[in-house]
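Following: one structure in structure tokens, then a few remarks.
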Amino acid sequence: MSSVIDHSKEKKLLHTLFACFGFGIMAWLPRFPEVKANLQLDNGAFGSIVSTGGIGAFLGLLTVGHIIHKFGAFRVTITSILLLFSSLALLVQVNSSLLFLFFNVSFGFGITAVHVCLNSHGFHLLERGKLNVITSGAGYWSAGSLVTSILSGLLVGRVALTTHITILSVLLTVIMLSIVIRLKAVLLEPNTSTDHDYTIKDIFTSFEIDWPVSLGMACVIYLEFALGDWGTIFPKERLDISAGLSTAPFIVFTAAMIVGRLLIARLLNFAPIQIWAKRGVIFAGIGFGGCIIVATHLPANLTWWSYSLFILGYAMAGLGSSFVAPSFFAAANRRSKLPSAVVVGQFGVTNTVLTFAVKWIVAWTIQFTGSIALAMMIPTAMMLATIFFTSALKQESARES
């Protein structure tokens, strides 16, 4: 195998990995009503058990960056992909809540491990080729998410959940491993310098929290998590529409995110990122919150008007918030002196803890009030609160690709 790979080809392969990543981990979200039915849980219990993936994510964010730094990205990425998709395939096979919890923690760890690996290489490419693939990579991730949401919606009622997810997991494992093997020559190598050798103690003593960036990221990203957990259950239970149609608002949300993430580079010619971020979160927060409030208060005979408002609100949320989270992510790396793999992990730890707590609050708000609409006002308020942290995005100088 040639040891030379040009940056353009490297960028395309990395974008493909991001797309496959999004396609894989989001495939089961439109089928959450089936997963919930298999486990025979109420909304509060289901939301709580799904949120346990945050435990695995927390452990992964705390350790994977240091493991990459010590052992190199190739072996860690291979292992992470295998763990991710084996866990996903097993999740849809079980009916036991205890087994589901175990595999969900493993799945959360796998998601985080692959996330750290791919974004670490994105920063590695930025350092070597001056190509910023962090925002565009997020766009390709969203593209994969969009395609799999459409596919999953079409498969509901036609193909069994277990068949769908098992075949998908096997195919994506093969595709992603083959790409990683092609990228082996340019992946981060193990750091053999004893001056930069991290121990278990160092994982905790070197931990840094950039509060403005971390809080801003947590506020803007949680709406996406909330719609991932409840986005298909919400319109189905509220409007009593078919499972296939209930996926449409989330599909529109994802499509809007793709548009925003791939077009932000052009908008930066007219105003800096912190200005667009303020405008974006205001547009997303007011648009989503306003549409949901109106939609849920319309009379029962105006179901399709309510459904249309759901779609409009999801679209505004996706478009307005699309580029803000990747911008906070890039700012975290720029503002830190630690290796990029470590920054990716440590930055995620704070956000995982914060979002884990909010997930529980949202889940039990739904359980006690019986209103998903009321619970969705929590991520809406968080989205609007992001404006207080956008100043941390100043001095973004990397070229978008």
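The values are calculated or read from the model by the stated rules, or taken from the named source; none is laboratory data. Model, not experiment: these values are computed from the prediction. With ideal geometry, Cβ positions are generated from the backbone for all residues, glycine too; neighbour counts draw on all protein chains shown. We work out accessible area using only protein heavy atoms, side chains counted, and drop any ligands, DNA or RNA first. Shrake-Rupley method; radii C 1.70, N 1.55, O 1.52, S 1.80 Å.
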Complete set of residues in segment 67-105 that are hydroxyl-bearing (Ser, Thr, Tyr), in contact (Cβ under 8 Å) with a residue 60 or more places away in the chain and open to solvent by 20 Å² or more (accessible area, probe 1.4 Å): 86
Boolean, residue 59 is of a type in the set (A, V, I, L, M), within 23 Å of residue 226 (Cα to Cα), surrounded by fewer than 21 Cβ atoms within 10 Å (Cβ to Cβ) and within 21 Å of the chain's Cα centre (by Cα): yes
Note on segment 125-175: residues in contact (Cβ under 8 Å) with a residue 60 or more places away in the chain, of a type outside the set (A, V, I, L, M) and open to solvent by 30 Å² or more (accessible area, probe 1.4 Å) are 127, 128, 130, 140, 141, 157, 162, 166
How many of the residues in segment 84-104 are within 17 Å of residue 179 (Cβ to Cβ) and aliphatic (A, V, I, L, M)? 1
Given (1) outside any loop (DSSP other than H, G, I, E, B); (2) farther than 27 Å from residue 171 by Cβ, number of the condition residue 41 does not satisfy: (1)
Does residue 9 count as open to solvent by 20 Å² or more (accessible area, probe 1.4 Å) and within 19 Å of residue 89 (Cα to Cα)? no
Residue 351, sole failed condition from (1) surrounded by fewer than 23 Cβ atoms within 10 Å (Cβ to Cβ); (2) assigned to a helix (DSSP H, G or I); (3) at pLDDT below 75: (1)
How many residues are assigned to a helix (DSSP H, G or I), out of contact with any Gly (no Cβ under 8 Å at 6 or more places or on another chain), modelled with pLDDT of 80 or more and surrounded by fewer than 16 Cβ atoms within 10 Å (Cβ to Cβ) when one looks only at segment 356-372? 2
Could you check, for segment 336-345, whether at least one of its residues is surrounded by fewer than 18 Cβ atoms within 10 Å (Cβ to Cβ), aliphatic (A, V, I, L, M), modelled with pLDDT under 85 and farther than 21 Å from residue 384 by Cβ? no
